[in-house]
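Student: Can you keep this structure in mind? I'll have questions shortly.
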Amino acid sequence: MQTLYFITGTSSGIGNALTHHVLETETSVLVEGISRTQTIHHGNYTHHNFDLSDIENVVGFFGKLNLEKRIKSKIDKVVLINNAGTLGEIGYVGKIPSKSIIQTMNLNTITPFVLMNEFLHTFDKETFGDIEKVIINISSGASKRPIDGWASYCASKAGLNLFSEVVEEEEKILNQNTKIFNVSVGVVDTNMQGEIRNSTQENFSSIEHFKKLKENNELASPQFIAEKIYSIIQSPQNYDDIWQKLQ
């Protein structure tokens, strides 16, 4: 019996840490990683090198994998981690490029929408029986409040949250063995935090707060967050307790 993972944004940050944690923790596991750069090399890891903000790369993704030919033993659990994301260009609406808005919404919202749709279509009950399915979407507290300079990011994460909540209701109605979680991971020491600190007061009024978080070592490590996400995958029934520890 094997667990099959699909993880986006595996080149760095949370996605990279989570992939390493999975590969180091489980022996009977296969990981399909998606990012523009391959930084992980392991016998149980397959890399797919493309830009997730280009929707054409995502449509039909699962059908291109020839899973029936590649997977030798029975899969009893499949996991989709929508981790890849972007803050987009920091700045006030009316002063940022429209292309940045499109790219942010594509990567943070449309791509996870499409991946969830095709994931659930591929691993439906008719084909795979009552296989356990887990979807983890990396969300943000920014999805619940307006933050100046982050309009696209806030909206994209809010959209992802609500889409996922609807899908979860649908899966319950269809009596599918599916768990879906939107995980707000807090402030994590990733490249995104570096982008925030490199912005300006003019484009983002709270910049000094984020600089102090770094100075005071108040950023969570990607490894810590990866372990918590892995705990949710292994014990979905304990989500509330695990989520509280992320705050």
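Student: Filter region 90-120 for residues that are within 21 Å of the chain's Cα centre (by Cα) and without any contact (Cβ under 8 Å) to a residue 40 or more places away in the chain and give the result.
Tutor: Listed by number, the residues that qualify are I102, N117.
Student: Can you find, within region 9-33, the residue that is surrounded by the most Cβ atoms within 10 Å (Cβ to Cβ) among those that are out of contact with any Leu (no Cβ under 6 Å at 6 or more places or on another chain) and in a strand (DSSP E or B)?
Tutor: Among those that are out of contact with any Leu (no Cβ under 6 Å at 6 or more places or on another chain) and in a strand (DSSP E or B), it is G33.
Student: Oh, and also: Of I81, I96, I102, which residue is under 22 Å from F163 (Cβ atoms), modelled with pLDDT of 95 or more and buried (at least 16 other Cβ atoms within 10 Å of the Cβ)?
Tutor: I81
Student: Hydrophobic (A, V, I, L, M, F, W, C) and over 17 Å from the mean Cα position of the chain (by Cα) - does that describe any residue in region 76-85?
Tutor: No, there is no match, as no residue in region 76-85 is hydrophobic (A, V, I, L, M, F, W, C) and over 17 Å from the mean Cα position of the chain (by Cα).
Student: Kindly indicate which of S221, S205 is surrounded by fewer than 18 Cβ atoms within 10 Å (Cβ to Cβ), modelled with pLDDT of 95 or more, over 20 Å from E26 (Cβ atoms) and under 19 Å from the mean Cα position of the chain (by Cα).
Tutor: The unique qualifying residue is S221.
The values are calculated or read from the model by the stated rules, or taken from the named source; none is laboratory data. Since we're looking at a predicted model, the values are computed, not measured. Note that each Cβ is placed from the backbone with ideal geometry, even for glycine, and that neighbours are counted across all protein chains shown.
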